[in-house]
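The values are calculated or read from the model by the stated rules, or taken from the named source; none is laboratory data. Owing to the predicted nature of the structure, the values given are computational and were not obtained by experimental measurement. When we count neighbours, we look across all protein chains shown, and the Cβ atoms used for this are built from the backbone with ideal geometry, even at glycine. Areas reflect the complete protein model, heavy atoms only, side chains present, ligands, DNA and RNA absent. Shrake-Rupley method; radii C 1.70, N 1.55, O 1.52, S 1.80 Å.
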Amino acid sequence: MNKNLPEHHPSEEVDLIVIFRLIGNAFNKLITFIVSIFKAIFSVFIYTLRAFIVNFKIIIITMVLAGVLGYILDKVKPVSYTSTMLVKPYFESKYQLITNINYFNALIENENYETLSTLFEIPEEEVMDIGEFDIQPGPETENERILQYENFLKNVDSVRAQNISYDDFVENRSIYSSDFFEISVTALKKDIFPKLEEGLNNSFTNFYSLKKMKKRDSLIAIQKANILEQIAQVDSLQKIYIKVLEDESQSKPTEFSIGGEGFSLSKDKTNTKEYELLNTEMKLRDQLKQLEEKKIEEDVFFDVISSFQDVGNRTSEWYQKYMLIFPAIAFVLLCVVYLSRKTITYVKNYEA
């Protein structure tokens, strides 16, 4: 017999059996746990469905009555109208605008109609019809947001800019980041909106914006004076070069012959830079034109992109309709009452 055959160890077989048994028990427990979760979900669904089936008459009657009551209130309550205007502020006047909008809402909430009447220069009876002011960032395209992101990166340290993604920039922007603003007004009177526009226009003016506008105008005036001075210097150089060219054209050329070899010496013409001067003058005049255009384009504290409508639109938001709100509230109350009764019954019958 071969005495080198491996010996058989029964203990190794026992260890393998124990390991497989432990693995099998673990899988059984996992499957049992998953099945119990599905059973619990199914039980909750069945109990909920049974509650609806048992009490469906009460649920339907209650929600129908709530819907009818909401419909009646929708017909009785005053009709509200809304209108919007789109504006573009300059000289950081958007901060004063947003502050004033919040101030107007505070006056309405405190029923200080006398102050509102003075601000908007309309009768107090009409001011009482104003419901709410609202301001939101105006519409913007994806390209405009990308340009804002690029301008933002230019003003941030290069190391820090690497950690700020475009999505983070868009997500963390505030209302003050926008260049356009949409002002909405809700009122009970449908033709009051044009009368409010003049009062809102006065909301842009403040001391800071006035100071910034004057500072901008002073800088433009200094830049214009420097550019005009440079243009005058360029004109003087052009006149000098033209005079030199005229003198050279009138003078006779001088030539000398050396030996008989045919060599000659002649007076060289002066090299001038009329073309370079012309380009410089055109660039300076283009800069002057840009300054003039900037002053013309931003000569006010704001531009009205679109004004209020003469007649506002009737508001029809779903969350303002009692016919939808009341049935939803009634259903929630029924659920609360049912769960409360079941909880009380369970607590009373509970035995430790």
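I'd like to know if the range 292-310 contains one or more residues that are polar (S, T, N, Q), modelled with pLDDT of 70 or more, surrounded by 11 or more Cβ atoms within 10 Å (Cβ to Cβ) and closer than 30 Å to Ile222 by Cα. No; the residues of the range 292-310 include none that is polar (S, T, N, Q), modelled with pLDDT of 70 or more, surrounded by 11 or more Cβ atoms within 10 Å (Cβ to Cβ) and closer than 30 Å to Ile222 by Cα. Considering the range 140-191 alone, what residues qualify as being assigned to a loop (DSSP other than H, G, I, E, B), open to solvent by 70 Å² or more (accessible area, probe 1.4 Å), under 25 Å from Ser93 (Cβ atoms) and modelled with pLDDT of 80 or more? Of everything in the range 140-191, just one residue is assigned to a loop (DSSP other than H, G, I, E, B), open to solvent by 70 Å² or more (accessible area, probe 1.4 Å), under 25 Å from Ser93 (Cβ atoms) and modelled with pLDDT of 80 or more, namely Asp179. The lone criterion from (1) over 30 Å from Lys214 (Cβ atoms); (2) at pLDDT 85 or above left unmet by Tyr103 is number (1). Just name the residue that is nearest to Ala187 (Cα to Cα) out of those in the range 99-139 that are acidic (Asp, Glu) and in a helix (DSSP H, G or I). That would be Glu126. Being within 17 Å of Val336 (Cα to Cα) and among the β-branched types (Val, Ile, Thr) is the filter here, so list the residues in the range 36-52 that pass it. If the condition is that a residue be within 17 Å of Val336 (Cα to Cα) and among the β-branched types (Val, Ile, Thr), then Val44, Thr48 are the ones that fit.
If you check Tyr81, Tyr95, Tyr90, Tyr103 for being among the hydroxyl-bearing types (Ser, Thr, Tyr), over 22 Å from Lys321 (Cα atoms) and in contact with a strand residue (DSSP E or B) (Cβ under 8 Å, 6 or more places away or on another chain), only one passes: Tyr90.
Scanning the range 44-92 for residues that are open to solvent by 40 Å² or more (accessible area, probe 1.4 Å), β-branched (Val, Ile, Thr) and either in contact with a Lys or Arg (Cβ under 8 Å, 6 or more places away or on another chain) or not in a helix (DSSP H, G or I) (or both) gives Val79, Thr84.
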